[in-house]
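Engineer: Below you'll find the structure I mean.
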Amino acid sequence: MDNRKINRLRRWAREGIILVLLTLAVVWGVDQYRKPMLPASFSATPMQSIDGNIHDIAALSQERPLLIYVWATWCSICRYTTPAVNQLADEGGNVVSIAMRSGDNAKLARWVDKKQLKMPVINDANGALSQQWHVSVTPTLVVVSKGNVVSTTTGWTSYWGLKIRMWWAGL
């Protein structure tokens, strides 16, 4: 290779690294702006899923990190994120989901059955829980360890992005 080609490759690599760093900074900034402000007592209130089971966030997050997935049946981005979260749950991942303003329990149960979701679904039919938690964007993903929020993100996330967040929270 001559020097011109080497210099061009170096410039492309440098510009690529700068682009990746800028993208990460923007994504981090957007997440910080949109992250929910959970009240200090958010993990103290047990919640009932549409199948009748009670889910205690503090207890579920003691042994291993818990992923709380806030989504909605009407959310266009959720249709891409939900399969990844469902796969994580199907593989034994510690997941609880909250359906925000997605109808009554019967309507939501039909939707969950149709989509074959394996994760527990808590119905936030009127949005009171998401409002209390200051969740304004779907999907929102909250990782909780030992009753404390470890990380939050909003928008689309891949299966491997979820796996890495859960692994990181478990360290």
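The values are calculated or read from the model by the stated rules, or taken from the named source; none is laboratory data. Predicted model, so just to flag it, every value in this text is computed and none were measured. Note that each Cβ is placed from the backbone with ideal geometry, even for glycine, and that neighbours are counted across all protein chains shown. Side chains are part of the model used for accessible areas, which takes the heavy atoms of the whole protein and leaves out ligands, DNA and RNA. Shrake-Rupley method; radii C 1.70, N 1.55, O 1.52, S 1.80 Å.
Engineer: Toward the positive end of the charge dipole of the chain, about the Cα centre and with charges on Cβ (Lys, Arg +1; Asp, Glu -1), which of Asn123, Ala99, Thr152 goes farthest?
Structural biologist: About the Cα centre, the residue reaching furthest to the positive side is Thr152.
Engineer: When the chain is fully extended, how far beyond the present Cα-Cα distance does Lys146 get from Ile6, taking 0.36 nm per residue of separation?
Structural biologist: Separation in residues times 0.36 nm, less the Cα-Cα distance, equals 45.3 nm.
Engineer: If the reach is capped at under 18 angstrom between alpha carbons, list the aspartates and glutamates near Lys107, excluding any in the same chain fewer than eight residues apart.
Structural biologist: Excluding near neighbours in sequence, the set is Asp51, Asp124.
Engineer: I've got another one for you. What is the angle, in °, between the Cα long axis of helix 78-90 and the longest principal axis of the Cα atoms in the chain? Nearest 10 is fine, range 0 to 90.
Structural biologist: 70
Engineer: Name the shape class, rounded, prolate or oblate, that the alpha-carbon gyration tensor gives for the range 113-171, where a ≥ b ≥ c are the square roots of its eigenvalues, rounded holds for a/c under 1.5, and otherwise prolate holds if a/b is larger than b/c and oblate otherwise.
Structural biologist: Taking the square roots of the gyration eigenvalues as a ≥ b ≥ c, the range 113-171 is oblate.
Engineer: Could you look at the chain and say what percent of its accessible area is carbon and sulfur, using a 1.4 Å probe and all protein chains?
Structural biologist: Ligands and nucleic acids excluded, carbon and sulfur give 57 percent.
Engineer: With axes computed from alpha carbons, what is the tilt in degrees of helix 105-115 against the longest principal axis of the chain, rounded to the nearest 10 within 0 to 90?
Structural biologist: It works out to around 40 degrees.
Engineer: Students often get this wrong, so try it: which of [x] 0.94; [y] 1.13; [z] 1.10 is Rg/Rh (Cα atoms, Kirkwood Rh) as calculated from the structure shown?
Structural biologist: [z]
Engineer: What relative contact order, as a whole-number percentage, does the range 82-171 give when Cα pairs under 8 Å and 6 or more residues apart are counted?
Structural biologist: That works out to 28 percent.
Engineer: Report the one residue of Ile54, Leu67, Trp111 whose Cα lies farthest in the direction of the positive end of the charge dipole of the range 51-126 (charges on C-beta: Lys and Arg +1, Asp and Glu -1; origin at the Cα centre).
Structural biologist: Trp111
Engineer: Okay, moving on. Is any residue of the range 128-171 close enough, with backbone N under 14 Å, to a label point placed 7 angstrom from the Cα of Glu63 along the Cα-Cβ axis, and if so, which?
Structural biologist: Hits in the range 128-171 for Glu63 at 14 Å: 146.
Engineer: Using a cut-off of 20 Å between alpha-carbon atoms, which lysines can reach Lys163, once sequence neighbours fewer than 8 places away in the same chain are excluded?
Structural biologist: Straight-distance partners of Lys163: Lys35, Lys118, Lys146.
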